[in-house]
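Undergrad: Sending over a structure as structure tokens; questions will come in a sec.
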Amino acid sequence: MGTMISFQRPDGQAVQGYLAEPAQGGGAPGVVVIQEWWGLNEQIRGVAERLAAAGYRALVPDLYRGQSTLEAEEANHLMTGLDFGAAASQDIRGAVQHLKKGSPRVAVTGFCMGGALTVLSAVLVPEVDASVVWYGMPPLEFVDAAKIKAPMLAHWGTQDEFFGEAAVDALEARLHEAKVDYTGHRYLAHHAFANETAQGPRRIPATQYDAAWAQVAWDRTLRFFGRVLG
């Protein structure tokens, strides 16, 4: 099981985060994991545990400062109140820098809102060695693709009502134009297809977990991390 730790942003502010360490301990590569709009909840801690079990040091920064929710309306409120630029350039950069004290290479990955923040982090955090985006992107005007220097992998759902194929096409065109080392995969799936809580009575409309596609995406992610992080 992981533990809550404190780390510093570049501006000196302290941020809490959930750190899951692999069995082999020190020297393992790191992955900063970015929450969905729900906050630092049990599901995203489970993602960190999954990465730790695969041999990575995984850190989830607490972007909402202790708040989380099960209600979509409140989640939207929390997300709307978040300064995405500061979250990427301060909270997430601080988390990357913290992991780099013990890890030679560090990636960022995130889901939904965290996917959008992963794209921003690829632009704004020069220390990032790789990124994996799960069905989320910021508005294109914030994506200065020329600043993305690290390899990027992305997973998109062709039935995603929040981030449709036209938006994905536009983002990918910008990445290719800037010659980013980018690979995008599309799945016949809905938004949040890799979130195992997006099923049953708690599922919100337009999201749907798909165990088969989630496994394919995770296999691709871990192969990518193995190649680019060592």
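Undergrad: Can you tell which of Gly164, Gly184 is modelled with pLDDT of 95 or more and farther than 19 Å from Val132 by Cβ?
TA: Details: Gly184 fails: farther than 19 Å from Val132 by Cβ.
None of the other options fit; the residue is Gly164.
Undergrad: Here's a follow-up. Would you confirm, using the coordinates I've provided, whether Leu222 is of a type in the set (A, V, I, L, M) and either crowded, with 20+ Cβ neighbours inside 10 Å or outside any helix (DSSP H, G or I) (or both)?
TA: Values: of a type in the set (A, V, I, L, M): yes; either crowded, with 20+ Cβ neighbours inside 10 Å or outside any helix (DSSP H, G or I) (or both): no.
Spelling it out, it is not the case that Leu222 is of a type in the set (A, V, I, L, M) and either crowded, with 20+ Cβ neighbours inside 10 Å or outside any helix (DSSP H, G or I) (or both).
Undergrad: Which number in (1) out of contact with any Phe, Trp or Tyr (no Cβ under 9 Å at 6 or more places or on another chain); (2) closer than 20 Å to Gln35 by Cβ; (3) part of a loop (DSSP other than H, G, I, E, B) marks the one condition that Phe162 misses?
TA: Of the numbered conditions (1) out of contact with any Phe, Trp or Tyr (no Cβ under 9 Å at 6 or more places or on another chain); (2) closer than 20 Å to Gln35 by Cβ; (3) part of a loop (DSSP other than H, G, I, E, B), the odd one out for Phe162 is (1).
Undergrad: Let me ask something else about it. For segment 23-79, what are the residues that are closer than 24 Å to Ile204 by Cα and touching a Lys or Arg at 6+ places or on another chain (Cβ under 8 Å)?
TA: Hits for segment 23-79 are Val60, Leu70.
Undergrad: Starting from segment 8-19, keep only residues that are free of Cβ contacts under 8 Å to residues at least 60 places away in the same chain, then list their pairs with residues that are among the small types (Gly, Ala, Ser) and in a loop (DSSP other than H, G, I, E, B) whose Cβ atoms are within a distance under 9 Å, requiring at least 6 positions of separation or different chains.
TA: Correct list of pairs: Gln16/Gly66; Tyr18/Gly2; Leu19/Gly2.
Undergrad: Can you tell which of Ala48, Ala53, Ala130 is under 19 Å from Tyr18 (Cα atoms), surrounded by 20 or more Cβ atoms within 10 Å (Cβ to Cβ) and not basic (Lys, Arg)?
TA: On the way: Ala53 fails: surrounded by 20 or more Cβ atoms within 10 Å (Cβ to Cβ); Ala130 fails: under 19 Å from Tyr18 (Cα atoms).
When all the criteria are applied, what remains is Ala48.
Undergrad: Also, quick follow-up: Filter segment 86-133 down to residues that are outside any helix (DSSP H, G or I) and more than 19 Å from Pro29 (Cβ to Cβ) and give me whichever is nearest to the chain's Cα centre (by Cα).
TA: As a first pass, look at segment 86-133 and keep what is outside any helix (DSSP H, G or I): 101-112, 125-133.
Subset that is more than 19 Å from Pro29 (Cβ to Cβ): 111-112.
Working: Phe111: 5, Cys112: 8 Å.
Filtering first and then ranking leaves Phe111.
Undergrad: Being modelled with pLDDT under 95 and more than 25 Å from Gly12 (Cβ to Cβ) is true for just one of Arg203, Arg174. Which residue is that?
TA: Going through Arg203, Arg174 in turn, the sole match is Arg203.
The values are calculated or read from the model by the stated rules, or taken from the named source; none is laboratory data. These figures come from a predicted structure and were not determined experimentally. For neighbour counting, all protein chains shown are included, and Cβ atoms are generated from backbone atoms with ideal geometry for every residue, glycine included.
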